[in-house]
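Scroll down for the structure; my scribbles are underneath it.
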There are 2 protein chains.
Amino acid sequence: MPDAVTFDQHPSETLLVGKGFKLKDCDPDSTPGYSGDKVDGEMLLEELDSRLAELQEQLFAESRFGGTKRILLVLQAMDTAGKGGIVTHVMGAMNPHGVQMKSFKAPTPEEKSYDFLWRIEKEVPASGMVGVFDRSHYEDVLIHRVHRWANPEELERRYKAINEFEVRQNGAGTKIIKVMLHISKDEQKQRLLARLNEPNKLWKYSTGDLKERAFWTDYMDAYQKAFEKTSTEIAPWYVVPANKKWYARIAVQQLLLETLEGLKLQWPVPDLDVDMERDLVERS
Amino acid sequence: MPDAVTFDQHPSETLLVGKGFKLKDCDPDSTPGYSGDKVDGEMLLEELDSRLAELQEQLFAESRFGGTKRILLVLQAMDTAGKGGIVTHVMGAMNPHGVQMKSFKAPTPEEKSYDFLWRIEKEVPASGMVGVFDRSHYEDVLIHRVHRWANPEELERRYKAINEFEVRQNGAGTKIIKVMLHISKDEQKQRLLARLNEPNKLWKYSTGDLKERAFWTDYMDAYQKAFEKTSTEIAPWYVVPANKKWYARIAVQQLLLETLEGLKLQWPVPDLDVDMERDLVERS
């Protein structure tokens, strides 16, 4: 057990998008299930690093012996919400060999010439891997809904296709964790200003960020709709309040830990005569 | 400057495979250029993590503004030499988004139906990335030489093809760092026994490891030959003594740091009117 202040309630319960969930009732400043402060949170993050790394290694090890379990963490958020920080500070604890990172950008002309799941299918995690999607197939029901690049019938087709896709991945051994990092519109303003004010952050500032910011309410509606259509038992959404970066990180770390612990992973026991092998090594 | 004991001499000089280098004269127990002990080394590794991460972010940032610089770290070694530890403990400090990991296993039937560089070309790092090859195109002149899967003429063709390939990658902006982690045959025995004796390591033990171990001298000859043929100014080999894992890690970290520092990276300054943007954000 860590020395740091731990969660009182499981983020897998407090942050779950269940029936009747309303995004507008979720406070981006809150820290559900956690009574500690920033210092406590940072300590907890660090203390649980090694457990996370160990579980990831067990997941990987099992796959070397035929295991098909794997994780897919989907990260969605408004700009500046901290997806990058999650990747660095949470996923960074794991062995890079066992992590399959993919950032989905605006689709290329080739990608656009296929159905929207074509480019996604190619990036799903292999057995034993922890896959991370930084943006994902959900862009096709978020930005596409906001800007009306897809009509209502097409959006319905996509929600259905996403659910079927995720059921199939789950059937193949993939535990899917979908996270929306939730910041307030004012917090985004402060973070955009920080990018403009700090020389080592200026490169991250894009004039396009303001364009999407103008559609804030439409985005929140699109998220709400996506949650209603696609938060399922086998691939639930979690809304993580993210105005406090330290909280978002420990919350996502917990979601990963809980999911990995739930897999009941074991160190594989290879089918070999250990005494005989030891003898062979000694004499080699 | 770090508080920990630093290197007296640059690993890029002390570990370089230059003219007249003899692998057999390299002591796997030694710690060239470093007078500290294990505790010092572990402290140094940790202290330099953030500098390594910063340089990697600058490399990535430059590529967003047209930069074509990138790094390719090639790791080769006998089994158990610690490639995995380098990946976890050195590369682990970097943002996973900026690291392109690739483990090359025995080639698939499809891969075998092409020339040996076909599968390599597909995995070279993109602009701004730090690529890591865990094993590489060098297997085609190492294990292939040891087991005589390629005849002498074919091996000559491959050395030449490798050099041309690396010259081209370098011309496209890639700094290539080739590392052989050098352990002694006795150290490998101890590590194989450790795998057999520890339940969380047993899964890593392969009965095939002993098979390659039996060809130790042939492998050392194949490495020596590969060094002579392919340690070039634009893509040098470094032999890193690796009986002490902590030393191998700080040595590779230094090689990366020196290479990245040599790129004279800068935070990009986007072409935008910061005051005007600040005003737009404030009013948004």
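The values are calculated or read from the model by the stated rules, or taken from the named source; none is laboratory data. The structure displayed is predicted, hence computed values, not measured ones. Glycine also receives a Cβ, built like all others from the backbone with ideal geometry; neighbour counts cover every protein chain displayed. Just the protein is used for accessible areas: all its heavy atoms, side chains included, with ligands, DNA and RNA removed. Shrake-Rupley method; radii C 1.70, N 1.55, O 1.52, S 1.80 Å.
Computed from phi, the 3J(HN,Hα) profile of region A:138-149 under the Karplus parametrisation 6.51, -1.76, 1.60 (θ = phi - 60°) reads 6, 4, 6, 10, 10, 4, 5, 6, 4, 9, 6, 6 Hz, with x in place of Gly and Pro. For B:Gly131, nonlocal amide neighbours, meaning residues 5 or more places apart or on other chains whose placed amide H falls under 5 Å from its own, are B:Ile71, B:Leu72, B:Leu73, B:Gln100.
With its label point put 7 Å out from Cα toward Cβ, A:Gly66 sits 5.7 nm from the same residue's point in the other copies, in order from shortest. Comment: the Cα-to-Cβ extended label point of A:Asp3, at 7 Å, lies 1.6 nm from its counterparts in the other copies, nearest first. Taking one quarter of the surface of the convex hull spanned by the alpha-carbon atoms of region A:11-283 gives a direction-averaged projected area of 18.0 nm². The Cα atoms of region A:188-252 give a gyration tensor whose axes a ≥ b ≥ c have a/c of 1.5 or more with a/b no greater than b/c, which makes the shape oblate.
Estimated translational diffusion coefficient (Stokes-Einstein, Kirkwood radius over Cα pairs, 10 °C, 1.306 mPa s) of region B:1-145: 90 µm² per second. Placing a label point 7 Å from Cα along the Cα-to-Cβ direction at A:Pro152 gives distances to the equivalent points in the other copies of 7.9 nm, listed shortest first.
DSSP assigns beta bridges within the protein assembly as shown; of those with both partners inside it, close to 5 percent run antiparallel. Projected label points at A:His147 and B:Arg64, each 7 Å from Cα along the beta carbon direction, are separated by 1.9 nanometres. I need the shape label for region A:138-257. Rule: rounded when a/c is under 1.5, else prolate if a/b > b/c, else oblate, with a, b, c from the alpha carbon gyration tensor. Oblate, because a/c is 1.5 or more while a/b does not exceed b/c.
Counted residue by residue at 0.36 nm each, then reduced by the alpha carbon distance between them, the extension gain from A:Leu193 to A:Asp49 reaches 48.7 nm.
Just need the Rg to Rh number for region B:73-220, please, alpha carbons only, Kirkwood Rh.
Ratio of gyration radius to Kirkwood radius: 0.97.
The residue list A:Thr259, A:Phe7, B:Ser113 was ranked by how far each Cα lies along the charge dipole of the protein assembly as shown toward its positive end, using unit charges on Cβ atoms, and B:Ser113 comes out on top. Taking the DSSP bridge list for chain A and keeping only pairs wholly inside it, about 5 percent are antiparallel.
Kindly list the residues of region A:225-249 that lie in the label zone of A:Lys38, defined by a backbone N under 17 Å from the point 7 Å along the Cα-to-C-beta vector. Label zone hits: A:242-249. Here the sum of -39500 (n - 2.57) over DSSP H runs of 4 or more residues, divided by the residues of chain A, equals -14000 deg cm²/dmol at 222 nm, to the nearest 500. Note that region B:80-91 has calculated 3J(HN,Hα) couplings of 6, 6, x, 4, x, x, 4, 4, 5, 8, 9, 5 Hz, one per residue in order, obtained from phi through the Karplus relation 6.51 cos²θ - 1.76 cosθ + 1.60 (θ = phi - 60°); glycine and proline are x. Hull volume per residue, based on the alpha-carbon atoms of the protein assembly as shown and their convex hull, is 169 Å³.
For region A:96-114, a decrease in accessible area of 30 Å² or greater in the assembled protein chains relative to the isolated chain, with a 1.4 Å probe, applies to A:Pro96, A:His97, A:Met101. Largest accessible area first, the listed residues B:Asp37, A:Asp8 line up as A:Asp8, B:Asp37 when surface is computed with a 1.4 Å probe on the assembled protein chains.
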